[in-house]
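This report refers to the structure that appears directly beneath it.
The values are calculated or read from the model by the stated rules, or taken from the named source; none is laboratory data. This is a predicted model, so every value here is computed, not measured. Ideal geometry is used to build each Cβ from the backbone, glycine not excepted, and the neighbour counts take in all protein chains shown. Only protein heavy atoms, including side chains, enter the accessible area calculation; ligands, DNA and RNA are left aside. Shrake-Rupley method; radii C 1.70, N 1.55, O 1.52, S 1.80 Å.
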Amino acid sequence: MSRMRSGRNAAQLVLLALPLFGLVVCTTRHDPQAAYDHARQLYRRGDIMAAAAEAKNGYKEFHRTSTEWAWKFRMLEADTLLWQGKGGDALILLASEPTPPSVGELAVRRLRIEGVAYDSLGKAEEARSRLRAAEQLCTASENSACADVFSTQGRMEMNRASFLSAHRFFERGLASARADNNRFLEADSFLNLSWSANEQTHFDEALDWANKARKISLEQHYADISQTALGDMGWAYYKLGDPEKAEQMFFDAEKEAERLHDRSDQGGWLATLGFVYLDARDFDAAEQAFRQALVLAKETNSRGDITDALSALAFAAEKTNKLDDARRYSDEALANANEDRNGREAVYPRLVQGRVAARLHDATSAESAFREVAQSQDTPVFLKWEAERSLARLYEDEKQNNPADREYQTALSTFETARSELKHEDSRLPFLTNAARIYDDYIHFLVAQGKTNQALQVAEYSRGRTLNEGLGILQKGSSFRLDPVNAQEIARRAGGTVLFYWLGEEQSYLWAITPQKIALFPLPPAAEIKTRVDRYRKAIIEQRESLTTASDDGGALYGMLVDPAKELLPKGVAPKSASLKNTAPTAGKSARSTPNSASGVPANAAKVFIIPDGTLNSLNFETLLVPALPHSGLPGAGSPGSGRPDSEPQPHYWIEDVTISSASSLRMLQAFHARRSNGAGNLLLFGDAVSPNADFPHLPEASVEMQRIEKHFLPAQEQVFAGDQASPPAYLASKPERFSYVHFVAHGTASRLNPLDSAIVLSKVGASKSGAEEDSFKLYARDIIQHPLRAELVTVSTCRSAGARAYSGEGLVGLSWAFVRAGAHNVIGALWDVSDASTPQLMDELYAGLKKGETPDAALRHAKLTLLRSSNFRKPFYWAPFQIYTGS
């Protein structure tokens, strides 16, 4: 829904702000300038009625002083009438004053007010005539009123969908406001530019403009600009594929608009909030929000807002199979839009009409509606690809496979064109969420046609796009064009089986890839898998995995995600459960003293590479429970010869059979094995930082972990930054690209809303100086990606360093992702909080394995098995947070 200010009454296009504290008494002032300034301040801060009263009083007291003061107070009163939607009254008021000014600032202001008033009355030609006259005066001699003229012209162009012309007017308004040092109009101009960028679907640019407007308005207490900017930021995030951020912003903007009694914006933000609920399939909440928006729209009698709310209700009704309601709402919305000659508003209900027709098997009407929306110049790009997707599904339902295939690719090309215009990496990361349903539908269509390998190529095309483009592995394109990868050759060079997952709304899939074969296996829907994964992960983190709950989920997930491909899994690994035999440490010996490796399995255990999707990014597949041998009778139970009492059967985790690594895509896996290097190498070690504040207490075992790591390198092979020397600038200045191994022992933060704001907590810069910057102790993910690496392994021994949020196609984005993006060949990160007690031992074992020449994935596995066979740290909580990611 195009909610961006287009539904606002023309009078409300001059933005307002918070009322003054308490009630302002209208008083007579003997200084006209002071009286005028005070009334104008009231107006800008949103106390419209008080401003109107003071403008009237000022006119009465000072209109005989001079013609100039008479007109100033009259025009300020006219502005208050415009804000109330009384354009006709504003024109009558101005006409009552004799001798209208013909030159200078007052003439410009008068023409601008008349233009807005005529526009509010639907008299477009009169409005354009007044504004052109005002523009000519500004061309001859620009003054402080010109910024408002340019902004008003831009708004009128926006309402005619002339976005490029509007953008130029808004830029002129910004330049004029800055030249006049007018902060109010500067903020207003930023907001207008955001509106223009949003309507042109340049969402990352819109976000930047709205953020600037928001900052100024918060500083200057322009509350109506502030709430509108916040909502516009929410809209940009929503269309960038980030509904989590958008939801909170819409909610806050709606509450701010309610406090300001701005019913138009309040209804608008309720409608956009409803679309977030609709996408999340919370249909009751969505319908309630849309109905509230319609009530508010009818209160303000804004036809644009009414049309928006009706279209929203039509979408909700179609989603919930209320086809009669959907048709009624969409017909009414379309009639309103056509009457107003608003093509931008007409395409939304037209799309609903097409979907209703498709549901009723009226293919001819549905095709006509979808084509009309897809080809209309008034259709925003995000609605265009939805119309094309709907057309593809229509052809699919009608068994017209070739046209369906063509339309799916057309929809994806439309999406890719929009994506190619994004300038910021932060924006590209969530953007693929917008196309998730198109990819899901297309993959399901291809599988149904028996084109399983092509379906794999389409799924691969969506994976790790931002990461691969940033590393130069994949070129950024403006159309959907498959560049197939040789999956079997990648599996051969990787030396193991690749398990590639796709989680779909109605059907999920697993491709098992070996050098000899690619096989496809259907899996349950994404929601069913997510329920199991979330419950199992919670049980592990809380260390409460019992054989009746966690083991049920762990075993069920193995059966669901791995067992279907059992015939393609690596052969020759240790027999299930038998690997437990004689591996428990004997009395008086530590797990470290077990011969060869603590696992009792061959050092060269077969490899499995996981390319996860959705919620699987938060699951460590090593913890999945392999079914026990028939004699045990318990899922994942240890054998009688395991060295443990029969009363304490031990689960058998998949890590005991295979070496598992995670990759973002087949392309990343291909690049990794094309460039990997071996060798003893050198170490860059950071940790044991000086605690910056109480939120990050000192880690008592940090120095122990660092000592255990240091002992595996000669002094000439390592560079160590500890204590107050371990600061972010020290890392950035250390030339990290020189090192084979980079290791951090520190606290970490994982930002869910802004993943590239995730950070490693080090020592504050100039910690002893009072002038140190507040966050100078944070090494941010966004800074990490700016410093290229060639490290064989980066280990981020911090809590949740793998990230707190998975983006569609990209996986978890956080510190691990940032180091992969910087060029590290392998990165070890944590899926949850790490234990300060067990981690030093695990890292000691990791570097011992590396020193012996083991690859990072094998060394990490053996280190984990050491803990698994110990008496204190055998639960997955201690060894399973760490996961290894393959880089380029």
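Would you check if Tyr43 is at pLDDT below 90, of a type in the set (Ser, Thr, Tyr), open to solvent by less than 40 Å² (accessible area, probe 1.4 Å) and not in a loop (DSSP other than H, G, I, E, B)?
Values: at pLDDT below 90: yes; of a type in the set (Ser, Thr, Tyr): yes; open to solvent by less than 40 Å² (accessible area, probe 1.4 Å): yes; not in a loop (DSSP other than H, G, I, E, B): yes.
Spelling it out, Tyr43 is indeed at pLDDT below 90, of a type in the set (Ser, Thr, Tyr), open to solvent by less than 40 Å² (accessible area, probe 1.4 Å) and not in a loop (DSSP other than H, G, I, E, B).
Give the residue, chosen from Val813, Val796, that is of a type in the set (Val, Ile, Thr), in contact with a helix residue (DSSP H, G or I) (Cβ under 7 Å, 6 or more places away or on another chain) and either open to solvent by 10 Å² or more (accessible area, probe 1.4 Å) or touching a residue at least 60 places away in the same chain (Cβ under 8 Å) (or both). Spell out the reasoning first.
Numbers: Val796 fails: either open to solvent by 10 Å² or more (accessible area, probe 1.4 Å) or touching a residue at least 60 places away in the same chain (Cβ under 8 Å) (or both).
Going through Val813, Val796 in turn, the sole match is Val813.
So which residues in the stretch 195-210 are more than 16 Å from the chain's Cα centre (by Cα) and either without any contact (Cβ under 8 Å) to a residue 60 or more places away in the chain or farther than 17 Å from Val381 by Cβ (or both), if there are any at all? Those that are more than 16 Å from the chain's Cα centre (by Cα) and either without any contact (Cβ under 8 Å) to a residue 60 or more places away in the chain or farther than 17 Å from Val381 by Cβ (or both): Ser196, Ala197, Gln200, Trp209, Ala210. Residues of the stretch 471-486 include none that is open to solvent by less than 10 Å² (accessible area, probe 1.4 Å), at pLDDT 95 or above and over 30 Å from Met233 (Cα atoms). The residues listed here are Pro700, Pro692; of these, the one that is open to solvent by 70 Å² or more (accessible area, probe 1.4 Å), over 26 Å from Arg790 (Cα atoms) and in contact (Cβ under 8 Å) with a residue 40 or more places away in the chain is Pro700. Tell me, yes or no, whether the stretch 525-536 has at least one residue that is closer than 23 Å to Ser662 by Cβ and not in a helix (DSSP H, G or I). Taking every residue of the stretch 525-536 in turn, at least one turns out to be closer than 23 Å to Ser662 by Cβ and not in a helix (DSSP H, G or I). Of the numbered criteria (1) more than 16 Å from Tyr847 (Cβ to Cβ); (2) at pLDDT 95 or above, the one Glu710 fails is (1).
Close contacts from the stretch 31-48, counting a first residue that is over 20 Å from Arg64 (Cα atoms) and a second that is of a type in the set (S, T, N, Q), with Cβ to Cβ under 8 Å and a gap of 6+ residues or different chains, come to Tyr43/Thr80; Ile48/Thr80; Ile48/Gln84. Among the candidates Ala565, Ala578, Ala574, the residue that is open to solvent by less than 70 Å² (accessible area, probe 1.4 Å), of a type outside the set (Asp, Glu) and modelled with pLDDT of 95 or more is uniquely Ala565. If you filter the stretch 47-66 down to residues that are among the acidic types (Asp, Glu) and part of a helix (DSSP H, G or I), you find that the one that is nearest to Asp262 (Cα to Cα) is Glu54.
Out of all the residues in the stretch 318-344, which are in a helix (DSSP H, G or I), under 15 Å from Thr307 (Cβ atoms) and either modelled with pLDDT of 95 or more or open to solvent by 50 Å² or more (accessible area, probe 1.4 Å) (or both)?
First, pick out the residues of the stretch 318-344 that are in a helix (DSSP H, G or I): 318-319, 323-339, 343-344.
Subset that is under 15 Å from Thr307 (Cβ atoms): 328-339, 343-344.
Passing the criteria: Arg328, Tyr329, Ser330, Asp331, Glu332, Ala333, Leu334, Ala335, Asn338, Glu339.
Can you name the residue in the stretch 659-689 that is in a loop (DSSP other than H, G, I, E, B) and surrounded by fewer than 24 Cβ atoms within 10 Å (Cβ to Cβ) and, of all such residues, is modelled with the lowest pLDDT? Per the stated criteria, the residue is Ser677.
Here is the figure for the stretch 357-372: residues that are of a type outside the set (Phe, Trp, Tyr) and either in a loop (DSSP other than H, G, I, E, B) or crowded, with 24+ Cβ neighbours inside 10 Å (or both) total 5. Residues that are of a type in the set (Ser, Thr, Tyr) and open to solvent by 10 Å² or more (accessible area, probe 1.4 Å) within the stretch 191-214 comprise just one, Thr201.
Filtering the stretch 81-101 down to residues that are at pLDDT below 90 and within 21 Å of Ser151 (Cα to Cα), which residue is nearest to the chain's Cα centre (by Cα)? Among those residues, the one meeting the criterion is Trp83.
Would you mind stating whether Ser871 is of a type in the set (Gly, Ala, Ser), surrounded by fewer than 21 Cβ atoms within 10 Å (Cβ to Cβ) and within 25 Å of Ala804 (Cβ to Cβ)? Criteria not met by Ser871.
The set of residues in the stretch 169-184 that are touching a residue at least 12 places away in the same chain (Cβ under 8 Å), open to solvent by 10 Å² or more (accessible area, probe 1.4 Å) and of a type outside the set (Gly, Ala, Ser) comprises Phe169, Glu171, Arg172, Leu174, Asp180, Asn182, Arg183. Of the strands (runs of 3 or more DSSP E) contained entirely in the stretch 713-756, those carrying at least 3 residues that are open to solvent by 20 Å² or more (accessible area, probe 1.4 Å) fall at 718-723.
If only one of Ala404, Ala435 is closer than 15 Å to Glu386 by Cα and within 20 Å of the chain's Cα centre (by Cα), which one is it?
Values: Ala404 fails: within 20 Å of the chain's Cα centre (by Cα).
After ruling out the rest, the residue left standing is Ala435.
If you take the residues in the stretch 106-128 that are touching a Phe, Trp or Tyr at 6+ places or on another chain (Cβ under 9 Å) and open to solvent by less than 50 Å² (accessible area, probe 1.4 Å), which one is farthest from Arg303 (Cα to Cα)?
Residues of the stretch 106-128 that are touching a Phe, Trp or Tyr at 6+ places or on another chain (Cβ under 9 Å), as a first pass: 106, 109-110, 124-128.
Those left that are additionally open to solvent by less than 50 Å² (accessible area, probe 1.4 Å): 106, 109-110, 124, 127.
Values: Leu106: 33, Arg109: 28, Arg110: 27, Ala124: 17, Ala127: 19 Å.
Going through the qualifying residues, I end up with Leu106.
Just one of the listed residues (Gly829, Gly823) is within 24 Å of the chain's Cα centre (by Cα) and surrounded by fewer than 24 Cβ atoms within 10 Å (Cβ to Cβ), namely Gly823.
Within the stretch 403-456, restricting attention to residues that are among the aromatic types (Phe, Trp, Tyr) and within 21 Å of Val813 (Cβ to Cβ), the residue that is modelled with the highest pLDDT is Tyr439.
Tell me the residue from Thr514, Thr452 that is within 27 Å of Ala392 (Cβ to Cβ) and touching a residue at least 24 places away in the same chain (Cβ under 8 Å), please. I'd like the intermediate steps shown before the answer.
On the way: Thr514 fails: within 27 Å of Ala392 (Cβ to Cβ).
The conditions single out Thr452.
Any residue at all in the stretch 414-422 that's of a type in the set (Ser, Thr, Tyr), touching a residue at least 40 places away in the same chain (Cβ under 8 Å) and surrounded by fewer than 17 Cβ atoms within 10 Å (Cβ to Cβ)? Talk me through it step by step, then tell me what you get.
The initial filter retains those residues of the stretch 414-422 that are of a type in the set (Ser, Thr, Tyr), namely 414, 417, 420.
From what is left, the residues that are touching a residue at least 40 places away in the same chain (Cβ under 8 Å) are 417, 420.
Then keep just the ones that are surrounded by fewer than 17 Cβ atoms within 10 Å (Cβ to Cβ); that gives 420.
Yes, the stretch 414-422 contains at least one residue that is of a type in the set (Ser, Thr, Tyr), touching a residue at least 40 places away in the same chain (Cβ under 8 Å) and surrounded by fewer than 17 Cβ atoms within 10 Å (Cβ to Cβ).
Does the stretch 386-396 contain at least one residue that is within 29 Å of Arg821 (Cβ to Cβ) and surrounded by fewer than 22 Cβ atoms within 10 Å (Cβ to Cβ)? So far as the stretch 386-396 goes, no, none of its residues is within 29 Å of Arg821 (Cβ to Cβ) and surrounded by fewer than 22 Cβ atoms within 10 Å (Cβ to Cβ). Across the stretch 65-104, which residue is surrounded by the fewest Cβ atoms within 10 Å (Cβ to Cβ) among those that are aromatic (Phe, Trp, Tyr) and over 28 Å from Ser264 (Cβ atoms)? Looking at residues that are aromatic (Phe, Trp, Tyr) and over 28 Å from Ser264 (Cβ atoms), I get Trp69.
Hey, among the residues in the stretch 434-469 that are assigned to a helix (DSSP H, G or I) and hydroxyl-bearing (Ser, Thr, Tyr), which one's surrounded by the fewest Cβ atoms within 10 Å (Cβ to Cβ)? So that I can check it myself, show each step before the final result.
Let us first name the residues in the stretch 434-469 that are assigned to a helix (DSSP H, G or I), namely 434-448, 452-461, 465-469.
So of that shortlist, the ones also hydroxyl-bearing (Ser, Thr, Tyr) come out as 439, 442, 452, 461, 466.
Numbers: Tyr439: 22, Tyr442: 28, Thr452: 15, Tyr461: 21, Thr466: 26.
Among them, the one singled out is Thr452.
Which condition number does Arg782 fail, the rest of (1) open to solvent by 20 Å² or more (accessible area, probe 1.4 Å); (2) among the charged types (D, E, K, R); (3) touching a Pro at 6+ places or on another chain (Cβ under 6 Å) being met? Going through the list (1) open to solvent by 20 Å² or more (accessible area, probe 1.4 Å); (2) among the charged types (D, E, K, R); (3) touching a Pro at 6+ places or on another chain (Cβ under 6 Å), Arg782 breaks only (3).
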